[in-house]
Amino acid sequence: MLVEQGVISEQQFCTLIDIVTFAPSFSNLNPFIDQRGEIVGKWSKSVDEATDMDESSSDGTSSVIGCRYANYTIRGTIGRGGLGRVLEGYDRTLSRGVAIKELLIKKHKNNDPNKNDKPTMEVESSTDTRRREMLRFLNEVHITGQLQHPGIVPVYRLSVNRNGKLFYSMKYVRGRSMGSIFDTNNSNQDPAKVFQQRMHQLGRLIEVCNAVAYAHAQGIVHRDIKPDNIVIGDHGEAVILDWGLAKQYSDDDMQVSIETNIEELLRRERRNGSDDVIKSEIPNLSLDGEIIGTPAYIAPEVLSPILGGVSPRIDVYALGTILYQIITGRFPYDYDNVDHLLQQKANMHDPIDPIKLNPNCPPELAAICRRAIECDPIKRYPDAGALAEELQAFQEGRLVSSYQYAPFEWVKFKILRHKRASAIILAFMLLSVAATMFSVHYGMEARVANMNATQLEKDVNLAIMTSNKLSQTTRQALGEMPKLQSECLNRSMQINESLRTFFKHVETDMVSASRDLTEIDAWTSTSLTAVLGKIVTNNVDLTDVAAIDSTGHVVSVYPTSFSYLLGQNYAERHHVQRVFNEKRTILSEMYNSQEGKPALSLCHPVFRDGKLHGMLNGFFFADTALNRLTRAGLMGSTAARFRVRLVQSDGKMLYDSSNPSNIGQKVITSQLEKLYPNKTQFFRNALTTEIGVHEYVVDGAINSERFLEHEIGAWNTFRFAQAEWKIILSVRFREGLGVIPISTTD
């Protein structure tokens, strides 16, 4: 009728019919699910019939083969899990095979103790349990549907079948699970050969880390990564399955407490099973309770509330456990049963060092594994991307930041990495020795010759001294560089901690102030002054703090010397728009203040009755504040020894301790690339990698005397409130002089 009257088009009509027929609503579970979790409406009368049909055989396969789910025809059963079963289907529209995951309402056996003469009866699970299973099922398809990555199985469609059961279709990945590959590899009796076979999976693990890193970038944690959830396709691709336990997180989620404790878990395990010792296959079962995950791969912070809440480090621990299996062929703990295993993790017992179980393991790989499975989440890699970068560096023969190289190891690494340069140095040293021997011989002959040979003898002696000096400076450079690189890296980490402490303290004061502001009925400059003044008093590096209403206008500012800002409209400023749109704390990019100086702002939203009421804008000048914070991070080191640069992710300089005029300029320019290609590569590495060390050589001259000068540096990444900076430290080492002050001319 609406189409005939021209109210809607034919296309709109078809879209509405498709939504009503097939699309579940995530806001209220499903239009055919009532408040008790029961399926009602069009298909409710067929649910019992469908359940009986599905259980007519041991696995329900024979009863569904040939059935139609929307535009799919069922061909068989692939497997069954905690939430339902996975069927093999055929898409009649696009003529392709698919995998269909169907939600099944669980049942359990219940014996009536008062009627021993009657058989066991099937009783449906509680309403809360069924509702939770539906929520978890919908959460799985909702999260998986958001992730578009080659290493994550794509979702095609979410719908209900003719019996009213929820299902979704996805790509059918044909292959073997990584767990089955491990089982096959471990069956060989030769440990060295078994280890080499498992090492073939290291490249696949890097692919999995990159896929998980993509999910982390989208704010999603998998929480149940294990080899059985990783499929290695027939063509070698690695795909992550089963996102049923995944959860979206934010920075605020890091401090939430766990939803239950280990005692409840242990009581549930004893209630569901017998009192017999649980064997080694138990850790491969996912815990079906409020503690989420698989025992062998679960992170300690999931069990211990003092360690924090949901974060990417949970997935890093699981990936590290898989790496441990690749190295050793077993799990990191010795245990008698699942209670014993979880108690060790909750009490933060150190896992067995992988190098003890497999002495053939490269020490760099063992160091990566130890850091990935650290009990303290702060000591772990921050996310899967950082772990992938370390594994990639190991595989490509680059330096691994988690491993402390001994001096001889570092020299060996450099020689193998730079074979051509090492050959030149060796040839130079051999020539020096040869020149020395020749010069000595020639000088002895010159003494017994004539007076004309005296000057030649002096020249030869001078050549000997020059050769010895060059050899000495070469050895000095090889010995000092690793130490300087390590010192630069440590100092950069100290500056990172200094910056994080400062901004975290300001954010904490803003959070406290935002609670006070919600109790003030009408925002006026007078009513807000005391609240804003407390923030500025507690944080001396803040120049001022302004209260901005929901329209972007400044309604109050402290100190009062900035009262000329009252009434100004900040709505067009990029960081203010981000706070209004994203409704979370934002650390701005650098911008020019009204005083014409580079400035930064830390902005925090203020909510009232669940709606954005305004925001707090903490303002500070970049050069003065960052200068104090970087010096505090150096912990009293000589300022002239280090050059500190803070660079935004877009390459703009936030701070340069040696040349303040560089602030606001691009760290990589066409002129720099033309004149100093080595220096350009140093900055390019810093901008594109999480953490690292590097050095480049400058060929210089003073008063016609040529020399080689090394700039040695390290960098790491600072992240806070959606901002990302690179902290770059460098020192200069001139052969023959050692460390020299950083020049202010470049």
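The values are calculated or read from the model by the stated rules, or taken from the named source; none is laboratory data. Fair warning: this is a prediction, and the values are worked out from it, not measured in the lab. Here Cβ is always computed from backbone atoms with ideal geometry, including for glycine, and neighbour counts include all displayed protein chains.
Before moving on, here are some points about what is shown:
- Residue list for the stretch 354-366, restricted to those being surrounded by fewer than 14 Cβ atoms within 10 Å (Cβ to Cβ) and part of a loop (DSSP other than H, G, I, E, B): P359, N360
- Residues of the stretch 151-198 classified as assigned to a loop (DSSP other than H, G, I, E, B) and either charged (D, E, K, R) or touching a strand residue (DSSP E or B) at 6+ places or on another chain (Cβ under 8 Å) (or both), total: 11
- Residue within the stretch 378-388 that is of a type in the set (K, R), surrounded by fewer than 17 Cβ atoms within 10 Å (Cβ to Cβ) and at pLDDT below 90 present: no
- Restricted to the stretch 669-686, and to residues there that are surrounded by fewer than 18 Cβ atoms within 10 Å (Cβ to Cβ) and aliphatic (A, V, I, L, M), the residue that is farthest from L489 (Cα to Cα) is L675.
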